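The values are calculated or read from the model by the stated rules, or taken from the named source; none is laboratory data. None of the values given here were measured: they were computed from a predicted structure. Cβ placement follows ideal geometry from the backbone for every residue including glycine, while neighbour counts extend to all protein chains displayed. Quick note on the areas: whole protein, heavy atoms, side chains included, nothing else; ligands and nucleic acids left out. Shrake-Rupley method; radii C 1.70, N 1.55, O 1.52, S 1.80 Å.
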Amino acid sequence: MDDFDRVWAEYPRKVAKGAARKAFVRLAPSPALVDRMLKAIAWQRQTPQWVSNGGTFIPHLSTWLNQERYDDEPFTVPTLSEQSARLLKLVNE
């Protein structure tokens, strides 16, 4: 299995494979970059954008590659402090 096939196998949206392969070849990623891509796919496929609405907001792999989305940074939803949570609860009661 070549590097493109490894990335394709992990990417959840299976459309426009030819365009994705062109973008991948043009990028000519090193083995280290391929590993970074696979790690990014692993965490991004758990994000609300990729999970909600049956994955309709998952970009095509060619777009993901062209926009270097493998370099996106993971984000977390901010949590309320204990005090803020209590105040919010009081306001909503």
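Output the relative contact order of the chain, whole-number percent, from Cα pairs under 8 angstrom with separation of 6+ residues.
Numbers: 58 pairs, mean separation 32.5, N = 93.
Value for the chain: 35 percent.
Got a sec? What order do L61, L33, L88, L27 fall in by accessible area at 1.4 Å, biggest, i.e. largest, first?
L88, L27, L33, L61
For an R0 of 25 angstrom, estimate the FRET efficiency from the Cβ-Cβ distance between E82 and V51 and round to the nearest 0.05. Working shown, then result.
Values: r = 28 Å, r/R0 = 1.12.
So the FRET efficiency works out to roughly 0.35.
Where nothing but the Cβ of Lys and Arg (+1) and of Asp and Glu (-1) is charged, how large is the charge dipole of the chain around its Cα centre, in debye to the nearest 20?
Working: 13 positive and 11 negative charges, 68 e Å.
Roughly 320 debye for the chain.
Considering amide H positions built from the backbone, and no H for Pro or chain starts, which residues 5 or more places from D72, or on another chain, come under 5 Å of its amide H?
Sorted by chain and number, the residues that satisfy this come to none at all.
I'd like the carbon and sulfur percentage of the solvent accessible area for the chain, probe radius 1.4 Å, heavy atoms only, ligands and nucleic acids excluded. Walk me through the numbers before you get to the answer.
On the way: 3560 of 6460 Å².
About 55 percent, which is the carbon plus sulfur part of the accessible surface.
Could you state the accessible area per residue of region 1-44 in Å², with a 1.4 Å probe and every protein chain left in place?
Working: 2550 Å² over 44 residues.
Here the per-residue accessible area is 58 Å².
Label points 7 Å out from Cα along the Cβ direction at R69 and R26: separation in nm?
The modelled label-to-label distance comes out at 1.6 nm.
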